[in-house]
Amino acid sequence: MTQADLIPLVAIVGPTAVGKTALGVALAERWGGEIVSADSRQFYREMDIGTAKPAPEELARAPHHLIDIAAPDETVSLAHYLRLARAAIAAIHARGNRPLLVGGTGQYTRALLQGWQVPEVPPDPALRAELEAQPPEQLWARLMALDPAAADFIHPHNARRVIRALEVSLKTGRAFSELRRRIPPPYRVLRIGLTLARDALYARADARVAAMMAAGLPAEVERLLARGYGWELPAMSGLGYSQFRPYFAGEATLDEVQERIQLDTHDFIRRQYAWFSLKDEQITWFDVQDAGFAEKVKRMAKAFYDVVQL
């Protein structure tokens with residue numbers, strides 16, 4: 001495959017609340033682009049405020065894909081996401097438009113850009129229930145016995161990913177890491193990273209959480225619970241939702257919930273920087289507080305598209 005055959009793909013990555021959505025929309029408007037989401041929290045319908053989905057005016061300015069693709073009680077696995085994202089990118093390119101990958105879920109972004117070939121092993125509820133009943137340290141020890149190489153990409157405290165790796169290994173009889181083959185994807189990629197000084201980013205994230213609460217996040221969570229979506233669901237156990245559990249149990253105030261979401265968002269940002277390292281030479285980083293950074297990005301994107309066209 002020659003360079004001319006590769007699909008030009010701009011990927012905008014970085015931590016939450018740094019401004020990826022706004023930049024993605026601006027680039028899409030300028031060059032006839034369509035946005036493919038790489039935010040695993042935005043897959044779910046009826047979960048709008050807590051996941052910080054693009055505002056209606058942003059959705060109107062540029063086509064978006066892989067938002068609202070599942071009900072809160074459905075599971076969007078990494079394999080499922082990769083299949084949908086690859087199809088969306090190919091379709092956008094076939095229409096003569098330019099795909100942009102925008103989002104902060106590091107595993108999904110890396111898997112797509114590195115060409116991971118993840119097995120589509122459907123969830124086994126009975127097996128998962130059995131695994132979930134075991135202590136986290138026992139699950140980790142069991143995974144390490146089956147697949148020591150998994151320690152390179154799964155954190156021992158990420159119970160959901162540990163359970164998924166065990167589930168795949170046990171169902172297939174092969175180590176999860178062995179099944180993650182990589183095939184170079186048919187993309188020519190420009191990786192743009194947005195960053196901000198940590199204290200300023202935390203303050204921006206805190207303000208966004210406060211705005212979510214004022215916009216009706218507690219009522220959104222209450223509606224989800226009233227529709228029968230329980231705390232055990234992956235969607236409901238995520239950031240911005242699970243922190244409400246003590247409130248609805250009468251054990252916390254809304255102020256305490258807001259503070260918990262803000263602190264957990266700080267932790268989330270730290271984990272995102274583990275995926276998107278400022279030392280990654282494949283990513284060109286821009287500090288969003290630098291004057292004119294957006295114009296610099298636009299010039300870089302233009303040069304990238306112009307080279308692809310040659």
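Kindly check whether there is at least one residue in the stretch 209-230 that is under 15 Å from Thr51 (Cα atoms) and assigned to a loop (DSSP other than H, G, I, E, B).
Yes, because at least one residue in the stretch 209-230 is under 15 Å from Thr51 (Cα atoms) and assigned to a loop (DSSP other than H, G, I, E, B).
Out of the stretch 136-150, which residues are touching a helix residue (DSSP H, G or I) at 6+ places or on another chain (Cβ under 9 Å) and closer than 14 Å to Ser169 by Cα?
Leu139, Trp140, Arg142, Leu143, Met144, Leu146, Asp147, Pro148, Ala149, Ala150, listed by residue number.
When the residues of the stretch 94-110 are filtered to those that are among the hydrophobic types (A, V, I, L, M, F, W, C) and crowded, with 22+ Cβ neighbours inside 10 Å, which remaining residue is farthest from Arg270 (Cα to Cα)?
Checking each candidate, the answer is Leu100.
State yes or no: is Ala141 without any contact (Cβ under 8 Å) to a residue 12 or more places away in the chain and small (Gly, Ala, Ser)?
yes
Can you name the residue in the stretch 246-287 that is within 20 Å of the chain's Cα centre (by Cα) and hydroxyl-bearing (Ser, Thr, Tyr) and is also farthest from Val189 (Cα to Cα) among such residues?
Applying the filter and picking the extreme gives Thr265.
For residues that are touching a helix residue (DSSP H, G or I) at 6+ places or on another chain (Cβ under 8 Å) and not aliphatic (A, V, I, L, M), tally how many sit in the stretch 44-60.
7
Considering the stretch 270-308 alone, what residues qualify as being β-branched (Val, Ile, Thr) and exposed (fewer than 13 other Cβ atoms within 10 Å of the Cβ)?
Scanning the stretch 270-308 gives a single hit, Val307.
Does the stretch 253-269 contain any residue that is in the same structural domain as Glu46 (by TED's automatic domain parsing), on the phi > 0 side of the Ramachandran plot and either surrounded by fewer than 16 Cβ atoms within 10 Å (Cβ to Cβ) or touching a Ser or Thr at 6+ places or on another chain (Cβ under 8 Å) (or both)?
No, that holds for no residue.
Within the stretch 270-297, which residues are of a type in the set (S, T, N, Q) and in a helix (DSSP H, G or I)?
The answer is Gln272, and nothing else.
Checking Glu130 against (1) surrounded by 15 or more Cβ atoms within 10 Å (Cβ to Cβ); (2) assigned to a helix (DSSP H, G or I): exactly one of these is not met. Which one?
Of everything listed in (1) surrounded by 15 or more Cβ atoms within 10 Å (Cβ to Cβ); (2) assigned to a helix (DSSP H, G or I), Glu130 misses just condition (1).
Restrict the check to the stretch 255-269 and report whether at least one residue is in contact with an Asp or Glu (Cβ under 7 Å, 6 or more places away or on another chain) and part of a helix (DSSP H, G or I).
yes
Are there any pairs, at least 6 apart or on different chains, whose C-beta atoms fall under 6 Å, with the first in the stretch 65-79 and in contact (Cβ under 8 Å) with a residue 24 or more places away in the chain and buried (at least 17 other Cβ atoms within 10 Å of the Cβ) and the second among the polar types (S, T, N, Q) and not in a loop (DSSP other than H, G, I, E, B), and if so, which?
Leu66/Ser37; Ile67/Ser37; Ile67/Gln42
Here is a check on your reading of the model: is Tyr247 assigned by TED's automatic domain parsing to the domain that holds Leu113, surrounded by 13 or more Cβ atoms within 10 Å (Cβ to Cβ) and over 22 Å from Thr105 (Cβ atoms)?
Judged against the criteria, Tyr247 is a match.
Looking only at the stretch 130-176, filter to residues that are closer than 18 Å to Val118 by Cβ and among the polar types (S, T, N, Q); which one of those is modelled with the lowest pLDDT?
It comes out as Asn158.
List every residue pair whose Cβ atoms sit under 8 Å apart, with the two residues 6 or more apart in sequence or on different chains, where the first one lies in the stretch 255-284 and is under 20 Å from Met236 (Cβ atoms) and the second, anywhere, is among the charged types (D, E, K, R).
Within 8 Å, the pairs are Gln262/Asp206; Thr265/Asp206.
Kindly list the number of the only condition in (1) without any contact (Cβ under 8 Å) to a residue 12 or more places away in the chain; (2) assigned by TED's automatic domain parsing to the domain that holds Arg270; (3) under 24 Å from the mean Cα position of the chain (by Cα) that fails for Asn158.
(2)
From the list Leu190, Leu201, Leu194, which residue is outside any strand (DSSP E or B) and within 21 Å of the chain's Cα centre (by Cα)? Spell out the reasoning first.
On the way: Leu190 fails: outside any strand (DSSP E or B); Leu194 fails: outside any strand (DSSP E or B).
So the residue among Leu190, Leu201, Leu194 that is outside any strand (DSSP E or B) and within 21 Å of the chain's Cα centre (by Cα) is Leu201.
The values are calculated or read from the model by the stated rules, or taken from the named source; none is laboratory data. Predicted, not measured: the structure shown is a model, and the values here were computed from it. Every residue, glycine among them, receives a Cβ derived from its backbone with ideal geometry; neighbour counts consider all protein chains shown.
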